[in-house]
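The values are calculated or read from the model by the stated rules, or taken from the named source; none is laboratory data. Computed from a prediction, not measured in an experiment: that's the story for all the values here. Here the Cβ is made from the backbone with ideal geometry for all residues, glycine too, and neighbour counts use every protein chain on show. The area values use the complete protein model at the heavy-atom level, side chains included, leaving out ligands, DNA and RNA. Shrake-Rupley method; radii C 1.70, N 1.55, O 1.52, S 1.80 Å.
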Amino acid sequence: MTFDESMVRSVAVDKEAKGGQANVAVVAESTDVQVLQEVGLGCVDHYLQEQKAAFCHVWGSELDYAARDPQGIGDLMCWVYFIGVPLAGGEPIVTEGGAVGYTVSACPGGVLPYV
């Protein structure tokens, strides 16, 4: 599975005066953490074609994406990867959500990374 624009649930672009930074939410519909990472890297590559910086949050299911902010306060939960390249450039920075946080948050999608 590779990144496809049909996986995108939201896109926001800010920092336009500095070349633009895309902040993207992606649902890949997979429980394979390697696939989810590859989708995230593909997402970043895609948005770097138009913006100087790009960050992609990757969820493994629609259920997890729907549970991302249960209190409506802007806290993102149940994501598996947060991958991005900052305005300064360089290689993609990969942050793993981790199985502990996924389990503690009672994420409903069945993605249990690193277990």
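Computed quantities for the displayed model
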| quantity | calculated |
| --- | --- |
| Residue tally, condition within 14 Å of the chain's Cα centre (by Cα) and of a type outside the set (A, V, I, L, M, F, W, C), over the range 7-20 | 2 |
| Which numbered condition Val26 misses (of (1) without any contact (Cβ under 8 Å) to a residue 60 or more places away in the chain; (2) assigned to a loop (DSSP other than H, G, I, E, B)) | (2) |
| The listed residue being out of contact with any strand residue (DSSP E or B) (no Cβ under 6 Å at 6 or more places or on another chain) and more than 14 Å from Gly97 (Cα to Cα), out of Asp69, Asp75 | Asp69 |
| Residue pairs meeting the criteria (Cβ under 7 Å; at least 6 apart or on separate chains; first over 21 Å from Glu38 (Cβ atoms) and modelled with pLDDT under 95, in the range 69-95; second polar (S, T, N, Q) and surrounded by 12 or more Cβ atoms within 10 Å (Cβ to Cβ)) | Met77/Ser105 |
| Qualifying position, being within 12 Å of Val111 (Cβ to Cβ) and of a type outside the set (Asp, Glu), among Val58, Val44, Val85, Val24 | Val58 |
| Some residue of the range 8-16 being open to solvent by less than 60 Å² (accessible area, probe 1.4 Å), outside any strand (DSSP E or B) and not acidic (Asp, Glu) | no |
| Qualifying residue in the range 40-54 (condition: out of contact with any His (no Cβ under 6 Å at 6 or more places or on another chain), over 19 Å from Glu29 (Cα atoms), aromatic (Phe, Trp, Tyr) and modelled with pLDDT of 85 or more) | yes |
| Criterion: in contact with a strand residue (DSSP E or B) (Cβ under 6 Å, 6 or more places away or on another chain) and acidic (Asp, Glu) - qualifying residue of Asp45, Asp14 | Asp14 |
| Selection status of Glu5, buried (at least 16 other Cβ atoms within 10 Å of the Cβ) and among the acidic types (Asp, Glu) | no |
| Scan of the range 22-46 for residues that are farther than 19 Å from Ala67 by Cα, open to solvent by 10 Å² or more (accessible area, probe 1.4 Å) and of a type outside the set (Asp, Glu), ordered by number | Gln34, Val35, Gln37, Leu41, Gly42, His46 |
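Conditions (1) modelled with pLDDT of 95 or more; (2) touching a helix residue (DSSP H, G or I) at 6+ places or on another chain (Cβ under 9 Å), marked per residue:
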site: Phe3; (1), (2): yes, yes
site: Arg9; (1), (2): yes, yes
site: Val24; (1), (2): yes, yes
site: Glu29; (1), (2): no, yes
site: Val100; (1), (2): no, no
site: Ser105; (1), (2): no, no
